[in-house]
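Engineer: Dumping the structure here so I can ask a few things about it.
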Amino acid sequence: MTSLSIRLQKDNLGTDIALAVVARIRQIADVEGRRPEQPFFTEVVVPAGKADSRRIPCEAGIYQIDVTLPSGDIIHNEQMVLPGEDADVELTAGGSPRQWLSWQSFAGIVPTKATLEALAEDAVEWVRRTVPETKLPDVIPTVEELRSSPAFDQVARVIVESAPQSSEESLTEPVDTNLDGVVSNAISTQKITWDDLGNIESLSAGELAPIGAKLNRAADVVQPVSGKLTLRQFVWPSADDPWTKLARSPTLVERGGRKLRLRGMELHEDPTAYLWTIRSTSSRAGEANRWVVIRHDGGTEIARLPIPWPDLGKTSSRQADLEIFFDRRIYSKPTRACLTICDGELGGLLSYMTAGNVASGAPILWELMKQGLLERTLRDKNLNPLAACAAGYATIAIQKPGELTRWDPWLRNLMNQFPWLPDGAIIFARRALQLSKSRAEIEEARDALKTAFKRGLPYYAAGVQHLQDGLFLFRAIDTEAAAMHQAVSKLALRLDPGQPFTVLRYPRRKKMDVANHTSPRS
């Protein structure tokens, strides 16, 4: 049989992801190089890891294969398939900056090695175009020119700090000479480093001292951000406390309940990131309200811990690892913390949710349904109700209202059987609003939203957004719903909506002090 066998090579995941990425396979020619009258096309989900592959029966010919990663990056490949051949196609997702950041690079949380190398090459090419190798122009590039360069953020920002603010300004010959050496070194080594920039020592002398001070201040802030992680668990004091109090500050979680110590927690670190790995040994879902607190130089971040998380793809009672990534780069995007569940079955779908790209992961949802995994996850929700919620959120985000009505009783049970789980009530309410045909059904949806609010913060960021949207519909006719909507809206300002799990940010109000750093402790 003529076929293609496709897999995505990704090392150091720990477990293969059975349904990882979406591949689009298009026939562009037959074996003779002619365009076929009816070219073969299909869209399939392929695994990621080291072992498995996906076999796709096809006609002989030349095929273009495009794989969309959760980050939005696309891998292109062309493959000739001869009659009767099973052609192996091994695509590479790109190495991780560190082996222990494999899941984060797959999900697009951190760039791959290939992306970093491409950025470095682009930066050098930009320098080539902007500054001749032998002599600098009379005028250093303007701030706007520098900001439009594809160079690394940190490099670009430091150069911007030392650059003139307009094209009319220029620097004197001694500075030009030093910069010429930096540029020449960058070109010869095909990279730009902080050591290169640090060689411009003469900027701190004489009439150039103000410019040198700017550069030195910018260089100082490349010291990595320090952070400290603690785990806490407690019971909500009252229905409105988590919403009103956490909208103001993280104190309720930081000081509430008791400090939690989990065996088997590991820390990896380098100057760019921390990665805490939590291996939960408990199998009782919902037995505690668990949170992670990360205090760092720029403020505090807190997140609900989606554990325990039984890996449904394993025959044993193994728990999937929870990885907490923290970006230590001073110029990183505002959100530093991100939670990842290393689940071999739902890992692909969760990765697209992490990237805020659920629509691109829609074929994974269909494949999960085709294989019965989503149905089994919802039906066997007692095994992993948090995974059932992930399936529920993905379904209401992608499916049409009238489809999959056989799931509705399971969604009702997800709300009723887990009184500690806000997300179950939110998913039920959203589904009820989609299908409502009577006033009674609309009121049932409203009551479910109120129930969810009283249960506390959802585990999923999508839950906060759906709760806010749902209560908005009733705020004009129901004073209690209006008060709840106001409370959720205030807290939502703290939420990072681009992550699957609920992460709240509390930036430090005063200017960040990066002069003193402490070692991380867990």
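The values are calculated or read from the model by the stated rules, or taken from the named source; none is laboratory data. Keep in mind it's a predicted model, so treat the numbers as computed, not measured. Counting neighbours? That spans all protein chains shown, and the Cβs are built from the backbone with ideal geometry, glycine included.
Engineer: Can you tell me which residues in the stretch 240-261 are in contact with a strand residue (DSSP E or B) (Cβ under 7 Å, 6 or more places away or on another chain) and either closer than 19 Å to Tyr459 by Cβ or in contact (Cβ under 8 Å) with a residue 40 or more places away in the chain (or both)? Quick ask: steps written out before the conclusion?
Structural biologist: First, pick out the residues of the stretch 240-261 that are in contact with a strand residue (DSSP E or B) (Cβ under 7 Å, 6 or more places away or on another chain): 246, 249-250, 253-254, 256-260.
Correct list: Leu246, Ser249, Pro250, Val253, Glu254, Gly256, Gly257, Leu260.
Engineer: For the stretch 386-470, list the helices (runs of 4 or more DSSP H) that sit wholly inside it and hold at least 1 residues that are charged (D, E, K, R) and within 21 Å of the chain's Cα centre (by Cα); which are they? Explain how you work it out, then say what you get.
Structural biologist: Working: elements: 408-416, 422-435, 439-455.
The qualifying helices (runs of 4 or more DSSP H) are 422-435.
Engineer: Suppose the filter is assigned by TED's automatic domain parsing to the domain that holds Val253, touching a helix residue (DSSP H, G or I) at 6+ places or on another chain (Cβ under 9 Å), at pLDDT below 90 and assigned to a loop (DSSP other than H, G, I, E, B); does Ser283 pass it? Show your work before the answer.
Structural biologist: Numbers: assigned by TED's automatic domain parsing to the domain that holds Val253: yes; touching a helix residue (DSSP H, G or I) at 6+ places or on another chain (Cβ under 9 Å): no; at pLDDT below 90: yes; assigned to a loop (DSSP other than H, G, I, E, B): yes.
No: the conditions fail for Ser283.
Engineer: Moving to a separate point now. Go through (1) modelled with pLDDT of 90 or more; (2) within 30 Å of Gly498 (Cβ to Cβ); (3) in contact with a Ser or Thr (Cβ under 6 Å, 6 or more places away or on another chain) for Pro70 and report which single condition fails.
Structural biologist: Exception for Pro70: condition (1).
Engineer: Out of the residues in the stretch 224-271 that are under 22 Å from Ala483 (Cα atoms) and not in a helix (DSSP H, G or I), state the one that is modelled with the lowest pLDDT.
Structural biologist: Checking each candidate, the answer is Ala239.
Engineer: Would you be able to say whether some residue in the stretch 336-347 is under 18 Å from the mean Cα position of the chain (by Cα), of a type in the set (Ser, Thr, Tyr) and at pLDDT 70 or above?
Structural biologist: Yes, some residue in the stretch 336-347 is under 18 Å from the mean Cα position of the chain (by Cα), of a type in the set (Ser, Thr, Tyr) and at pLDDT 70 or above.
Engineer: In addition: Given the criteria surrounded by 24 or more Cβ atoms within 10 Å (Cβ to Cβ) and modelled with pLDDT under 95, does Pro507 qualify? Write out each step before concluding.
Structural biologist: Working: surrounded by 24 or more Cβ atoms within 10 Å (Cβ to Cβ): no; modelled with pLDDT under 95: yes.
Here the answer is no, as Pro507 does not meet what is asked.
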